[in-house]
1. Could you tell me whether segment 100-158 comes out rounded, prolate or oblate from its Cα gyration tensor? Rule is a ≥ b ≥ c as square roots of the eigenvalues, rounded for a/c under 1.5, then prolate if a/b exceeds b/c, otherwise oblate.
2. What is the local net charge at residue 197, summed over the other residues whose Cβ is closer than 12 Å to its Cβ (Lys, Arg +1; Asp, Glu -1)?
3. Would segment 176-226 count as rounded, prolate or oblate if I go by the C-alpha gyration tensor, calling it rounded below 1.5 in a/c and otherwise prolate when a/b exceeds b/c, oblate otherwise?
4. Stretched out fully, how many nm does the piece from residue 107 to residue 146 gain, at 0.36 nm a residue minus the Cα gap?
5. Show me, for segment 112-118, the HN-Hα J-couplings you get by feeding each phi into the Karplus relation (A = 6.51, B = -1.76, C = 1.60, θ = phi - 60°), rounded to Hz, glycine and proline as x.
6. Length gain on complete extension for the stretch residue 97 to residue 118, per 0.36 nm per residue less the alpha carbon to alpha carbon distance?
7. In terms of modelled amide H atoms, which long-range or inter-chain residues lie less than 5 Å from the amide H of residue 178?
8. Name the long-range amide H neighbours of residue 103: under 5 Å, sequence gap of 5 or more, or other chain; modelled H, no Pro or chain starts.
Amino acid sequence: MHPEDTTRTPSTGPTTRRTALRRLAAGAAAVALAGCAGESDGDDATTDTGTGTGAGTGTTADTSTAGTTTDGTTGSGGTATTTASDGTATKTNAAERGDYTVGMYTDLYFDPVGLHVEPGDTVSFELVSGAHSATAYHPDNPNAFERRVPEGAPAWDTGTFGEKGAFRNVTFETAGTHDYYCIPHKMVGMVGRVVVGDPGGPATASENPDLSLPTADRIVEDGTVAWSDWESEVG
């Protein structure tokens, strides 16, 4: 048993707030997309602490137990520049897709909203529409406010990007429950959850403050929880 409430909550609290602010957030998404159009050409490197490695349109290897973040574009080839922690840059091959893909949508959701992986697996966060990020609930990340990833996991962050079909790879090495959010749309409940191996960590002890999420136990049991299934439960 894990110390989390397995009750599936009705449409209250953060979910109601999400519904009320949908229209406002849609306008903000359009502004964010316009702002990102000029900088999200698929050639930007993801910034994290660590040393650049040789895969993807931008790759950094974290020195903690979190693994690697990689940038790529669907169907693209060629090279891109990776900036290492010492300021040097190297050319790298286009990123390959990870073991799993999570889509990010204009309607302000991640799909699947819940995903179970094993340590060492890579998740590709793909921009389907809009302009979004996938950002760990880590105190070092913008507006996280609290830790909802296991101790020892780094502050991984894809950064906000708006190129349709582009993706950012995150390799998960730290076992436990990892909650993440979209920086521009956290306030309206654009959040998701990845369980790496067995559930654990602070995210299992309390409900996500921005939107109710499937329990870690359910995610492990089902493997994935589609947004359409979860939305029908939380409203």
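The numbers here are math on the coordinates, done by the rules we state, and not lab data. Nothing here was measured: the structure is a model prediction, and the numbers come from that model. All Cβ positions, glycine included, derive from the backbone under ideal geometry; neighbour counts span all protein chains shown.
1. Details: a/c = 2.20, a/b = 1.26, b/c = 1.75.
It comes out oblate by the Cα gyration axes.
2. Working: positive: none; negative: 118, 121, 173, 198.
Result for the local shell: -4.
3. On the way: a/c = 2.07, a/b = 1.64, b/c = 1.27.
Prolate, since a/c reaches 1.5 and a/b exceeds b/c.
4. Details: separation 39, 0.36 × 39 = 14.04 nm, distance 2.51 nm.
Extra length from residue 107 to residue 146 when fully extended: 11.5 nm.
5. My calculation for segment 112-118 gives x, 7, x, 9, 9, 10, 9 Hz in order.
6. 5.9 nm
7. Close amide H contacts, sequence-distant or interchain: 194, 195, 196.
8. 111, 126
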